Amino acid sequence: MRKVTLRELEHFVALAEHGSVTGAARAIGLSQPAMSTSLQELEKALGVTLFVRHRGRGLGLLAEGEALLVEARELLARAAELEERMSASSDGSAGRLVLGSLTTAAPIVVPSLVRRFRDRHPGVDVEIRTGAQAELLEAVASGALHAALTYDLGLGSGIRFVQLADSAPHVLVAADHRLAIEVAVGLDQLVDDPFVMLDLSTSREYYTSLFLAAGVSMRPAMTVTDLSLVRSLVGNGFGWSLGNHVPARDEAQDGSRVAYVPLRTDVPPLGLGLACRSADRGPAVLDAFTEFARSSLRFPRQLED
């Protein structure tokens, strides 16, 4: 059985509304023979007669035609609505974006970035997921994430990286630490202080490169996997740590005070950006978000300046 097309339904509604082949053809911009053929094909496909033909008085809807008219109008309205939504999605002003982020970066930069993007594009629905570098890249490669805010480390093949900002390393010390007021600090100044290490795979590798470049042995006194716990431990005098994301306030979650001091090092800063699949273009909303993030991603201290 041949399927009925939306075009045939559009012609049918025009015939019902104008009551004649001539009027409907003129309204649609179709020839009268083509309009008549369209009606014949529709009735043949449905296996029913939709109109009664009155010689000299045009067309009259039969009961089957009246029932179809209600359904056809609803279907055409839904099709028009879908077309409108897809048209909006094609320019990035509407749609759905599934965004991943490193757990260390997400609380500091993602909510503000997404809020400001949605202020500009209220038709976009953004879902935020967090994770470690490896799992984010795996999710991007599989298509589970449209993009992930992450570092330019271990990206592998099939991943396209759009750098958004440099993420420079900082030393994290208690607010009353002797180095808290310094403009910059070298690792050689901290060899006698206990090191509290954030023990995530990407962080561990990067910290190792910092210690190697400084010629200082990396001997953590404590390793934890929670950044909030790192700040609280440092704030309570358990040692110092390293971090690449400086939050808006020099305060740990338990209220203890900390200080972020730029690290003096020859190791280049990490590149923070969006990792996407290189095999496909992705939805238009991803392009819109990427362009917005290029010019709008800011760390909290930058937003205050």
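The values are calculated or read from the model by the stated rules, or taken from the named source; none is laboratory data. Keep in mind that what you see is a predicted model, and the values were worked out from it rather than measured. Positions of Cβ are generated from backbone atoms using ideal geometry, with glycine treated the same way; all protein chains shown enter the neighbour counts.
Just checking, how many residues over segment 149-170 are farther than 17 Å from LEU210 by Cβ and either assigned to a strand (DSSP E or B) or assigned by TED's automatic domain parsing to the domain that holds LEU242 (or both)? Final tally of qualifying residues: 9.
Of the residues screened, GLN189 is one that is over 34 Å from the mean Cα position of the chain (by Cα) and not in a loop (DSSP other than H, G, I, E, B).
Exactly one residue among VAL196, VAL173, VAL183 is β-branched (Val, Ile, Thr) and assigned to a loop (DSSP other than H, G, I, E, B), and that residue is VAL183. Of the strands (runs of 3 or more DSSP E) lying entirely inside segment 29-148, the ones with 1 or more residues being under 20 Å from GLY282 (Cα atoms) and not aromatic (Phe, Trp, Tyr) are found at 94-102, 123-131. For TRP240, the criteria (1) touching a helix residue (DSSP H, G or I) at 6+ places or on another chain (Cβ under 8 Å); (2) free of Cβ contacts under 8 Å to residues at least 40 places away in the same chain hold in every case but one, which is (2). For segment 18-28, the set of residues classified as in a loop (DSSP other than H, G, I, E, B) and among the polar types (S, T, N, Q) consists of SER20 only.
Annotation: of all residues in segment 154-209 being modelled with pLDDT under 95 and among the basic types (Lys, Arg), the one that is farthest from SER228 (Cα to Cα) is ARG160.
Sub-8 Å Cβ pairs linking a first residue in segment 244-269 that is without any contact (Cβ under 8 Å) to a residue 40 or more places away in the chain to a second residue that is in a strand (DSSP E or B), at least 6 apart or interchain, are GLU251/ARG257; GLU251/VAL258; ALA252/VAL258, ordered by first then second residue.
Table: residues versus (1) at pLDDT below 95; (2) touching a Pro at 6+ places or on another chain (Cβ under 9 Å).
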{"position": "VAL230", "(1), (2)": "no, no"}
{"position": "GLY243", "(1), (2)": "yes, yes"}
{"position": "ASP250", "(1), (2)": "yes, no"}
{"position": "SER256", "(1), (2)": "no, no"}
{"position": "PRO268", "(1), (2)": "yes, no"}
